[in-house]
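Structure record follows, encoded as structure tokens.
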Amino acid sequence: MRDPLDLLHVYPAEPGFVGQDETGEGVYDYTLPDGAVRAEGGDLMLRDASGASEERRDLNMLVSWAGHGDAGTLSEQLTDSLLSTLPHRQLASFDADSLFDYRTRRPQVTFSESRFSDYRGPHLDLYEVRDSQGQPFLLLTGDEPDFQWERVSEAVLELIDRLGVQLVVVVDSLGLPVPHTRPLGLTAHGNREDLIEGISTWAPTAQLEAGFGQVLEMRIDESGHDVVGYTIHVPHYLANGKYPQVAVAALEYSGAALELMLPTDELRESARLVDQDVSRQVEQNSEIQALVARLEKNFDEHAGTEQRSLLVKNDDAVPDAEELGAAAEAYLRNQSQD
């Protein structure tokens, strides 16, 4: 019988392993504590009770990848933010040659003088990360597979079972005709009503082009495991570039659902700069001003007023970005005390 994890290459952690940045360079002055997951004999398994920290809770998993459903370059910004600021180690990677169509999405390579270097091929990687409070979680990130969606889904389900994953959160983004001058909306989905009820600003019944994220979420749901997804709405005229606001929103919603403290400070500062730049460009173009005005009118006519936030009580208004960050900290402090 075929092993679902045949697609995985496992990386055992070496003694004294330190955190690394997105380029693989060790840059941290701390050692990652013994992880919740251990690699042995090419397999990944949950560390037994005698080897685990007493503070460790059940593992959860955050999923985000570039490809279909990545408006505003959500995945790259989210992953860079997590791996550049939090202790982490790479647990495994999927077999790129069997999952990706190189000719459809040609990788980048650098040519300098007479040599080629810095080849950047597609990848799909699994990390163990610790949040700002030392809580471990799994991060599955990289590029959306072109092939073997069902086999990758089987592998993820096997990891969920083997590592005791309690909740999977899938975050992605969608370009929609909404104005940048209004709060980002989202569509919440999944089988945990407490984490999705009353949150969506737009939840139509529609036939959609499927991405691997939707297929994986379906397979996790069908297997009886807890899974939720947050699809963030990005202004369509900003969807092709980096839009830090979408990564901030994704980290806030996923952090609240997973009860993790995730970093957003640098992304918030980038978002402020982007807002300023967009505002300047709008002021200089009357056609864009008219477009934004029409989008604002449509948004205000159809926006609901009853959206619930995961970070505040049901009878409170949805906060702005600054209030949201403070609410997240308070939320997680309360969770730790319960």
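Full extension of the segment from His68 to Ser84, taken as 0.36 nm per residue of separation minus the current Cα-Cα distance, would add 3.3 nm.
Please report Ser93, Ser81 as a ranked list, fewest other C-beta atoms within 10 angstrom at the top and most at the bottom.
Values: Ser93 17, Ser81 22.
With the fewest neighbours first, Ser93, Ser81 line up as Ser93, Ser81.
Model label sites at Arg106 and Ser286, defined 7 Å from Cα along the beta-carbon direction, differ in position by 4.3 nm. Under 1.5 on a/c is rounded, so check that first for segment 119-256, then, if it is not, pick prolate when a/b is larger than b/c and oblate when it is not; a ≥ b ≥ c are the square roots of the alpha carbon gyration tensor eigenvalues. Verdict is rounded for segment 119-256. Quote the FRET efficiency, to the nearest 0.05, computed for Ser279 versus Ala203 with a Förster distance R0 of 25 Å and r equal to the Cβ-Cβ distance. About 0.25, to the nearest 0.05.
I need Asp226, Asp161 ordered by Cβ neighbour count within 10 Å, fewest first. List each step's numbers first, then the result.
Values: Asp226 18, Asp161 12.
With the sparsest Cβ surroundings first, the list reads Asp161, Asp226.
Any idea how far the Cα center of segment 58-97 sits from the one of segment 225-256, in Å? Using only Cα atoms to place each centre, the spacing works out to 13 Å.
Every number in this text was worked out from the coordinates using simple rules, so none of it is lab data. Remember, predicted model here, so these are calculated numbers, not experimental data. Backbone-built Cβ (ideal geometry, glycine too); neighbour counts: all protein chains shown.
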